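Trainee: Can you read through this structure? Questions will come right after.
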Amino acid sequence: MIPPATYQQRSAAETERKVIAHVREYGKVTNRTVQSLFDLTVHPANNLLDDLIRRGILVKTSPQQRGPAVEYGPGPRFPKPPRGTRGRRVAEDPMTLWQSEDDR
């Protein structure tokens, strides 16, 4: 007998990080997106968004007050991106790829 599928519960911090990463990448998030990301129905997704709004991480950015067109963006307490070496790639010299043994 095959055991039933088990669902892994995400911690609140993991869920928050995933929403923040989505907003960083796309600039916004909607209730429908949260539903898809976490396999939720409308009301739990709304509760998650309401918590992030209450804490200042997200703010409503669209003029709509209700419905699927409501968009949320970074709020005043939205975390800054981590500092690192992102975007500092050093390109190899293309000439070294084509040099013969004699040129080296």
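Just so you know, all these numbers are worked out from the coordinates, no wet-lab data involved. Owing to the predicted nature of the structure, the values given are computational and were not obtained by experimental measurement. Ideal geometry is used to build each Cβ from the backbone, glycine not excepted, and the neighbour counts take in all protein chains shown.
Trainee: What length, rounded to one decimal in nm, is gained on full extension from Val42 through to Gln65, with 0.36 nm per residue of separation minus their alpha-carbon distance?
Mentor: The Val42-Gln65 span can extend by a further 6.8 nm.
Trainee: Quick check: residue separation of Ser11 and Arg32 times 0.36 nm, minus the Cα distance between them. What number comes out in nm?
Mentor: 5.5 nm
Trainee: Give me the mean projected area, in nm² to one decimal, of the convex hull enclosing the Cα positions of segment 12-78.
Mentor: The orientation-averaged projected area of the Cα hull of segment 12-78 comes to 4.0 nm².
Trainee: Same structure again: Count charges around Leu52 for me, please; just the other residues with Cβ under 14 Å from its Cβ, Lys/Arg as +1, Asp/Glu as -1.
Mentor: +3
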